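To start, the structure under review is shown below, and the notes come after it.
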Amino acid sequence: SLKAEVEEMREREEREEREAEEKKKTEEEEKKKSEEAEKAKEKEDAETESISSEQSRAKSMAQRYLRTMSFSKSELKNQLVFEGFNDFDAQWAVDNIDADWNEQAVKKAEDYARLMDMSNQGLYDQLIFDGFTSEQARHGIDNMKD
């Protein structure tokens, strides 16, 4: 019947409209996700670009120092400043290197024990003086190789 055909056409049109709206909504969500991903990439690129050549050199020097000597974080920063890096770049370098400060405390404690026959209390006091935290100093002494 004509009434049934008209009803069927109306239902089909409504279904097509819903599908078109859903497709539009999905496309908008995908566009939004793509824009967010692009913004995140731009931010990451900007952060990478914002590392100055001086910071990069300070970080490289810090890494070279740690390959040959043991330092606390504060000692290493002071050494970089002594080498001519400004306070900001030196701090940035020590904050951005992959250093295990507990392991640095162990190495430093072992060096002192080997060179100076220090007592554990003497080692602890020296590590604190060198800028290690009390936890790092304790870890250094507790984990020395005999």
> So how exposed is residue 81, as accessible area in Å² (1.4 Å probe, rounded to 10)?
Replying inline: 60 Å²
> Quick one: if you stick a label point 7 Å off each Cα along the C-beta vector at residue 88 and residue 56, how many nm between them?
Replying inline: 1.8 nm
> What ranking do 120-133, 99-112 get when scored by the average of other Cβ atoms within 10 Å per residue, highest first?
Replying inline: 99-112, 120-133
>> Between residue 24 and residue 129, what is the label-point separation in nm under the 7 Å Cα-to-beta-carbon projection?
In response: 7.6 nm
>> If DNA, RNA and ligands are ignored and the probe is 1.4 Å, what is the ranking of 1, 70, 50 by accessible area, most exposed first?
In response: 1, 50, 70
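Which percent of the Cα-Cα distances in the chain go past 25 Å?
On the way: 5986 of 10585 pairs.
The proportion of pairs with Cα distances above 25 Å equals 57 percent.
Roll a 1.4 Å probe over the protein chains and send me the accessible area per residue for the chain in Å².
Per-residue accessible area for the chain comes out at 74 Å².
Would you mind telling me the share, in percent, of accessible area of the stretch 1-99 contributed by carbon and sulfur at probe 1.4 angstrom?
On the way: 3730 of 7930 Å².
Here carbon and sulfur together make up 47 percent of the probe-accessible area.
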> Which stretch or stretches of the stretch 8-28 have amide N atoms under 20 Å from the point lying 7 Å from residue 42's Cα along the Cα→Cβ direction?
Replying inline: 28
> So how exposed is residue 77, as accessible area in Å² (1.4 Å probe, rounded to 10)?
Replying inline: 40 Å²
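The values are calculated or read from the model by the stated rules, or taken from the named source; none is laboratory data. Computed from a predicted model, the values in this text were never measured in an experiment. Neighbour counts run over all protein chains shown; Cβ positions are idealised from the backbone, glycine included. These accessible areas exclude ligands, DNA and RNA; they are computed on the full protein's heavy atoms, side chains included. Shrake-Rupley method; radii C 1.70, N 1.55, O 1.52, S 1.80 Å.
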